[in-house]
Each structure stands twice: as structure tokens, then as C-alpha cells.
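Written below as C-alpha cells is the structure these notes are about.
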Amino acid sequence: MKMQPTRAKPEHSRITHHRTVGFGYLAISLSAVAAGTVLSLAMRLHLAWPGWSLPLHGPILPEEYLALVTMHGTLMLFFVLTVAPQNGFGNLILPAQIGASRMAFPRLNLLSMAVTAVALFVLFSAFIVPGGAPISGWTAYPPLSTSSLAGPGQGWGMDAWLASIALFSIGSTLAAVNTLTTIVKLRCDGMTWERLPLTVWSWFTAALLSVIAFSVLLAALLLLFCDRHLGTAFFLPHTEWMNGVLRQHGGDGSPLLWLHLFWFFGHPEVYIAILPGMGLTSMVIANFARRRVFAYRLMIATTLLIGLLGIVVWGHHMFVAGLNPFAGSAFALSSMAIAIPATAEVLSWLAMVWRSRPQLTTAMVFALGFVSLFVAGGLTGPILAQPVLDEYLHNTFFVVGHFHLIMAMAGVFGLFCATYYWFPLMFGRALSERIGKVHFWGTIVFAYSTFLPMHFTGLAGEPRHYAQLTGIPGPTGTLLAATMPLQRHITVSALCLGLAQLPFLLNLLLSVLRPVRTTKNLWNATTMEWAPKTDKLPAAYRGPCHYSQDGNEFAPQWEEPSSTADGGA
Amino acid sequence: MPSTITPPDIDRPRRPDFIEGDNGSGRKPPTDKRTGGNGDNDGDGWSNRPQGKRGPRERLLRARTGLFFALFGDLMFFIALVSVFFVTKASGHFDAYNRYINEWLPTAIPSILWLNTAVLLLSSVSAEVARRAMFHEIDVMDEWFGFGRPTSKRAGIWLWVTLLLGAMFLAGQWVAWGQLSTHHAFLRANPSSHFFYIITISHAVHLFLGIAALIAALVTLKHSRVMATRQVLVDGTVWYWHAMGVLWIFLFALLEYGQ
Ligand code: HEM
Ligand SMILES: [Cu+2]
């Protein structure tokens, strides 16, 4: 036995530190959101003015339009709304919020971030491979996703998509395992399950959903790959025509099977995207209304229930796909059931602000904006969840309106809320409140102005995933022509929505050029991430959101109860 | 609960940072480490916890928790494959004469799979022996004090046995695929053969990962200076190995009797 002096290993090197990983995730999301936004604006311009030609490129061909749709959806849903709220802010804030100094598996954490980054590169590579980007949408329905006969992007481009999303699934599963273990095992002293902030509960629920859903997606991707390259027929019927070619497959596969697998993943996925925003909204509203969250345990239960119910509603995406009508009714029921816990959350948010004197910081107004968008987008959910109505509305812009309000815009508002709220913790400086308000008003006005009219064009019959809606003969053409003014309005609003982000960029820039340094508990918050640095071990002494009647005093989770006044449990 | 070394209740200065790399591997007197804990009770610090609720044991439990969640995801992966199996088996189509055709022809399962299954079960036994060796109390004590490496030596031998048996299983699977392909039962031949290959190959990939983990564990046994690291790695690898064994039994039963 050699006796050697040992060098005490540092707890974790810089590069596996959760802050590094968190910022890495945010960087992934930022590049994805920039690219995805450009793609969406190109789509909007093309829809409103089909003759418009993209600078340096020329007019947008139908297959190019479909490629834009596919890449926009994939970038936004996977690389922005799944990555930033859950893993970006999850890494930056979650450990501090439970009083831990690290994530459970720092190296695994770095690995999952690296895998996600590679997935993004592979996805981008789809633009430059022969044939270009895939055209079958973020849902990649077979049979069009099974053969390069289906279109130019369905060869190499589709393979890149498959590889990218497979990598993404693996990265997300690993990240979720890390998040779950961190929450289960690394909570500090006194941080009982009921005392966890709702943000932590929603990260927990979303991580559970990730572990369940992404594994199933991975299996589906594997089978699709076999169908494409190894001659199997999991998702392919016995005989089919594709672009003039008769294809025989040795089996009785069915595209419907892919739909089941995909949406078993896909619906939980949209909740993974929105749950962190819901948790944050609860905490931010409570903090600035200086009210405690009503029925805290019930809120925890609804978070879990939304996650749980989210697993059994996938069929509502398949009403018109040839589902057994009885199955359709079952899925309609479960989908409407999920509105109950969602409504409970909304009521709790409203109850907190009701007759309080909220302090309207930028973070708070973005949280309120989240509530508004969640309600506006949520109202159309139960409409779509009725098979009879969906028969008409499916594949119209009504659905696009629904999910852009409730998921895309609400999700982005959640991200902005997180940014304004936690900026001092992330960079040691604060963002300007004044510019933040300008940013907020511009964003919310143009968000509604862009996505609300989509419900009307959808009701009027505008289909989604169509490259061109003008120049069609007959009554269809007349019908669609009537939607054109509104469509142009949507496009202009979308451009303005993009411009409305300039104040945000300015705000970021100013925080670099003229930093307003702050490290203290700027918002008088009660959760652990704001605890001042001491060399005592962190410990939680009470649940979050304890404020005095007038709101001027508060008992943060980290403060030891004094003998005279105690915040209670 | 197997034994892991936890420092006794002597003087425990509170340290601001969690320092790993010094968890009682026999070079320094035991000191307390800040470890993550479940704050079930109000106001008790780790120092006041009963022994066994802190230190290496928590590291072990943390690793096991992570492994549990990862295996849960993996289980979902196979549940998805098995669901597709049953759906495909039950579907058919109508031909030109309006006859209902079901293309599913059961794939004959090579009998060597029985042998492979037995080998895999055996490998789980040897793996478990290795795992228990890592937690054999008296030897752990010795090793921790630095009197040789009795646990690591013994566990290493059994891990080698496991690795060999695992490799034999994979070789056996290879033989089975060969036998099937001489009968032209390739992946694309029939819906049932799709599944035979997809399921056995997916499982084999998992076993490859297991073998990689075994190798990592063997290397760690040799080179890591920290007892807890060695224990955690062996423990995690073996539990993973067991899980793949149990999974295989279900998958094999499905292929043998479920077609
Ligand atoms: C009250 C709760 C909700 C109900 C009942 C509901 C119902 C539905 C239904 C029935 C569809 C399918 C429409 C069709 O394709 O014909 C749909 C689509 C969609 N929903 Fe919801 N929804 C709800 C909440 C949400 C939430 C919270 C999100 C995301 C955060 C969301 C995101 C989406 C997305 C992304 C789609 C479109 C998927 C696609 O086809 O590409 N929904 N919703
Ligand atoms: Cu859904």
C-alpha cells in the first residue's frame, strides 16, 4: 500500500458545473430560436405574398415551404421549448432552489448537453445535404417519411432529422434522469416535498414525462429507420402507390401505428414544454402579489395530475386518422378531463392576484401575460377535443392558432418571465424595468394580433401545411381568397412581433454596457435560490411564499425562525 | 442494506463545500462530508443523522436512484416495441379477392436461445457474487484501512467471470442470427422476423453497454483510490446487468410463446 499525499479533488470542475451546462443549454436554444424565427417569417411572407422571392434564393417552391414548416416546428418544439425551460433554467436555478450545491451527476449532465448540441448540428446539416431539409412536418407521418420517393427532402434530409431527434431523445432522457435524481436525493435539510417550490414540482413532473415519452419516441424512430433502410414494414401497408411507383412490403404495417407511438410521445412533450412555465408563473405571481399560493398541496397535486393525464390523451391528435370511434370518445373524455386540473391552476393564479396590490415588475407582467395566453389558447382545447368539431378543424389553421397561443407564446412568455426574474442570479446585474415594459407590451399585442386571427382563417377553411392558397379555381379558391386580407394582417403582425424583440436585445446590450450590478434578493423573494451566500449549510425552515399581511415583510425559506416571530410551516 | 463505510460519530467540522475524493479510502482519518440528504425532518443537520444516512451510502443510493430512473425509461422503450409486436401480429389486409390476409408467420426460435438464457442467468449469479463481495463487511473494513484490497480482488474475479459469460451470451445470439439467416429468415422476411431481430438486437446493444460498464468497473477496481467509487460502480453495473437479465427473460418468453 503506497502512502501518497492526495490532492483533494475540487467538487466539480468548471466545465461540469451546472451553471456552465445551463448556459450551454440556453445557447443551444438561442441559436435554435433565431433560426426558427427566420424560417417562420419566410413562411408567413410566402403565404401572404406567394410571388415574393427570398433574397439570395428566389421564389419559395412548394417543397421548400414544407421544409420550412418542418424545420421551424422541429427547432422550436424540441430545441427551444423543451431545452430552455426544462434544462436551461433547470440547471441554472434548480439546484439552488432545493439548497443543493450541484446536480446529482455533473458529468452526465455535461454529456446530455453535448449530445443535445450535436443533435442541433445534425438537424442544421439537413439544410445542406442533397435534397435539402425534410418535408414531412415535425410529426414525420409515414408513409411520406418512409421513402425518398415522397419528395426531395425525404432522402438525406429525413435521415438527418431521424438522427438528430434520436440523439435529442437520448440527451433529454439522460438530462431527465439527472433532474429526477437531483430532486429526489439532493434536497437540503428541511426541504420536504411539500416545501418544494412549484417550479421544482413542475421540473420534476416534466422530467418524469421526459423519461416516459422520449423512450417511446426513440423506439418509434428506430422502427421508422428500419422501414426506410432495412426493408421492414412496421408503418407501411402491404401495397402502396407513391409518386407513381407501386411499392410492395412484406407485412401489414400501418401508418396509424406511428401516429399512436408518436403522439404517445407528442402530447406529453407539449406538457414538458409548458409545465416549467406554469410552475414559474405560480411562484412569480405569488411573489409579486405578496400572497401565498392558495391550497399549496392541491397545486402540487394538479401539477402531477396534468402530467399523469397528459399521458392518456394522445388520441385527440388522431380523431380523423381512422381511429375507432369508441376510442375517439374515450380520448375526447380524457382530453376534456385534463381541462379540470388546468382550470384549477388558472383559478389559483387569478385568486392570487384578485384584489391584491400586485407589484407590476416586468417578470410579473410576463407571468400575467402567460396566464392570459394560457387561458386564450386553452379555451380552444376542449373545442378541438370533440371529434365532431375536430373533423372540420383538424388540419386547419385553427389548430395552429390553438397551439401557438397556448404552447408557443405562453412558453416564450414563461421564458421571458424567467429571464427577467432570474437575470440578477444569472449575471449579477438587473435588466432595465422600463425597457422591459416596452418589450412586454409590444410582444403581447403582436402575439395576439398574430395568432388570434389564425382561428378565424382556420374556421374559414384555411388548411395548414399548404404551400400556396392563391390561384385555385372554383369555390375553394373563392373561399380561400376571402381569407387573404386576414392572412396578410397575420404576416405583418408576425414581422412586428419579431421587431418587438428589439427592446429585449437592447436591454441585454445595456446590461453589458451599463450594468446595474445587483446580487441581493432583488424581488424580496422567499425561495432558496435567493439566499445570501454564507458558509452555513443551506437549510429550509418553511415552505415558500410567506408574507406578512401588508406584504412588506416576508419569511424566506432559508431564514431560521426567531423565537418571537415564526413564519410557521 | 450492504455495508458501506461511513465515518463514525466523532468530531465533524461543518465544511462549506462537498468534497469528494476523500471518502475514507484509507489515507486520511475520517471526516464528515457534506452529502445530499432527504430533508424529511425539520431542523436536523446531517451531523445529527444516524449513521448510514450520510457519506458513501448516500452516494450509492444516489447512483441507484439514477439507475432506477434510467432503467424505467429503458423499460418504456421495450414496452413500446412489445406493443408494436402485438399490434402488428393482429393486423392484416384484404387482397384483390377480398380475402383477409394476415402475413404473420411465426419465426422458429433457434434452440440455442435456451442455452443463451441459461448462460445469462448464470452471469447474473456471478455478477451478484461480485457485488456482494464489494460490500463484505470485514473485507471492506480492511480495504478501507488500507490492508490490501481483498474486496476488489474478489469482486474483480467474479466480474471477469460475468464478462466472459456475457460475451458467451452475445456469441450465442450471434450464432442464433446466423442459423436463422441460413433459413432465409432475415430481418425483412416476415413481420415476425422483424421483431425477432429488432428485439434481440436491441437487447444485445444493451448487453454491449453492460459489458462496457463491466470493463469500466474492472478498470476502476484496479485504479480508483476511493473505496466508495469502486463500490458504486460495481453496484450500478451489476444492477444494470440484473435488469437486462430479467428483461431478457420476458423478451425470450414473448418470442418463444408469444408468436
Ligand atoms: C385544455 C387542454 C387542451 C386540450 C383539450 C387540447 C386539445 C387539443 C387537440 C384536440 C388537438 C388536436 C387538434 C388537431 O390536430 O385536429 C390539439 C393540438 C395541439 N395542442 Fe392542444 N389541447 C390542450 C392544451 C394544450 C397545451 C397546454 C399545449 C401545449 C403546451 C397544447 C399543444 C398543442 C399542440 C402543439 C397541438 C398541435 C400538434 C400538431 O398537430 O402539430 N395543447 N390540442
Ligand atoms: Cu395533445
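The values are calculated or read from the model by the stated rules, or taken from the named source; none is laboratory data. From a predicted model like this one, the values you see are computed outputs, not experimental measurements. Here the Cβ is made from the backbone with ideal geometry for all residues, glycine too, and neighbour counts use every protein chain on show. Surface areas here come from the heavy atoms of the whole protein model, side chains and all, with no ligands, DNA or RNA. Shrake-Rupley method; radii C 1.70, N 1.55, O 1.52, S 1.80 Å.
If I ask for residues that are open to solvent by less than 40 Å² (accessible area, probe 1.4 Å) and over 31 Å from the mean Cα position of the chain (by Cα), which ones from the stretch A:519-537 would you list?
Start the filter on the stretch A:519-537 by keeping residues that are open to solvent by less than 40 Å² (accessible area, probe 1.4 Å), which leaves A:521, A:523, A:525-531, A:537.
Of everything in the stretch A:519-537, just one residue is open to solvent by less than 40 Å² (accessible area, probe 1.4 Å) and over 31 Å from the mean Cα position of the chain (by Cα), namely A:LEU537.
Here's a check for you: in the stretch A:390-412, which residue that is open to solvent by 40 Å² or more (accessible area, probe 1.4 Å) and within 15 Å of ligand 2 (Cβ to nearest atom) is farthest from A:GLY328 (Cα to Cα)?
Among residues in the stretch A:390-412 that are open to solvent by 40 Å² or more (accessible area, probe 1.4 Å) and within 15 Å of ligand 2 (Cβ to nearest atom), the one farthest from A:GLY328 (Cα to Cα) is A:PHE403.
Just one of A:GLY322, A:GLY251 is at pLDDT below 95, away from ligand 1 (no atom under 13 Å from the Cβ) and open to solvent by 50 Å² or more (accessible area, probe 1.4 Å); which is it?
On the way: A:GLY251 fails: open to solvent by 50 Å² or more (accessible area, probe 1.4 Å).
Exactly one of A:GLY322, A:GLY251 is at pLDDT below 95, away from ligand 1 (no atom under 13 Å from the Cβ) and open to solvent by 50 Å² or more (accessible area, probe 1.4 Å), namely A:GLY322.
Which residues, counting only those in the stretch A:303-319, are out of contact with any Asp or Glu (no Cβ under 7 Å at 6 or more places or on another chain) and near ligand 1 (Cβ under 8 Å from one of its atoms)?
Scanning the stretch A:303-319 gives A:VAL313, A:HIS316, A:HIS317.
For the stretch A:359-374, indicate whether the set of residues that are assigned to a helix (DSSP H, G or I), within 16 Å of ligand 2 (Cβ to nearest atom) and open to solvent by less than 30 Å² (accessible area, probe 1.4 Å) is non-empty.
yes
Listed here are the residues, each with its yes/no results for (1) over 20 Å from the mean Cα position of the chain (by Cα); (2) crowded, with 17+ Cβ neighbours inside 10 Å.
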| position | (1), (2) |
| --- | --- |
| B:TRP174 | yes, no |
| B:ALA185 | yes, yes |
| B:SER202 | no, yes |
| B:LEU214 | no, yes |
| B:ALA217 | no, yes |
| B:ARG225 | yes, no |
| B:GLU256 | yes, no |
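Just to verify a result, which residue in the stretch B:85-94, among those that are facing chain A (nearest Cβ under 8 Å) and free of Cβ contacts under 8 Å to residues at least 24 places away in the same chain, is surrounded by the most Cβ atoms within 10 Å (Cβ to Cβ)?
Here the answer is B:SER91.
Hey, does the stretch A:154-162 have a residue that's at negative phi, within 12 Å of another protein chain (Cβ to nearest Cβ) and in contact (Cβ under 8 Å) with a residue 40 or more places away in the chain?
Scanning the stretch A:154-162 turns up no residue that is at negative phi, within 12 Å of another protein chain (Cβ to nearest Cβ) and in contact (Cβ under 8 Å) with a residue 40 or more places away in the chain.
Name, by its number, the condition in (1) surrounded by 17 or more Cβ atoms within 10 Å (Cβ to Cβ); (2) within 11 Å of chain A (Cβ to nearest Cβ); (3) modelled with pLDDT of 90 or more that does not hold for B:ARG49.
Every condition holds for B:ARG49 apart from (3).
Which of the following residues is of a type in the set (S, T, N, Q) and within 11 Å of another protein chain (Cβ to nearest Cβ): A:THR199, A:THR146, A:THR173?
A:THR173
Is it the case that the stretch B:29-39 has a residue that's surrounded by 19 or more Cβ atoms within 10 Å (Cβ to Cβ), under 16 Å from A:ALA104 (Cβ atoms), modelled with pLDDT of 50 or more and more than 24 Å from the chain's Cα centre (by Cα)?
So far as the stretch B:29-39 goes, no, none of its residues is surrounded by 19 or more Cβ atoms within 10 Å (Cβ to Cβ), under 16 Å from A:ALA104 (Cβ atoms), modelled with pLDDT of 50 or more and more than 24 Å from the chain's Cα centre (by Cα).
I'd like the full set of residues that are more than 15 Å from B:ARG230 (Cβ to Cβ) and open to solvent by 40 Å² or more (accessible area, probe 1.4 Å), limited to the stretch B:124-144.
Answer for the stretch B:124-144, where residues must be more than 15 Å from B:ARG230 (Cβ to Cβ) and open to solvent by 40 Å² or more (accessible area, probe 1.4 Å): B:VAL125, B:VAL129, B:GLU137, B:ILE138.
Mind checking whether some residue in the stretch A:349-356 is outside any helix (DSSP H, G or I) and either within 14 Å of ligand 2 (Cβ to nearest atom) or open to solvent by 30 Å² or more (accessible area, probe 1.4 Å) (or both)?
Yes: one or more hits.
Is it the case that the stretch A:85-108 has a residue that's within 16 Å of ligand 1 (Cβ to nearest atom) and not hydroxyl-bearing (Ser, Thr, Tyr)? Lay out the reasoning, then the answer.
Taking the stretch A:85-108 and keeping what is within 16 Å of ligand 1 (Cβ to nearest atom), we get A:85-86.
From what's left, not hydroxyl-bearing (Ser, Thr, Tyr): A:85-86.
Looking through the stretch A:85-108, at least one residue is within 16 Å of ligand 1 (Cβ to nearest atom) and not hydroxyl-bearing (Ser, Thr, Tyr).
Report yes if some residue within the stretch A:158-175 is of a type in the set (Val, Ile, Thr), modelled with pLDDT of 95 or more and farther than 20 Å from A:ALA273 by Cα; otherwise report no.
No: zero hits.
Working carefully through the options A:SER31, A:SER40, find the one that is surrounded by 21 or more Cβ atoms within 10 Å (Cβ to Cβ) and under 23 Å from A:LEU123 (Cα atoms).
Going through A:SER31, A:SER40 in turn, just one is surrounded by 21 or more Cβ atoms within 10 Å (Cβ to Cβ) and under 23 Å from A:LEU123 (Cα atoms): A:SER40.
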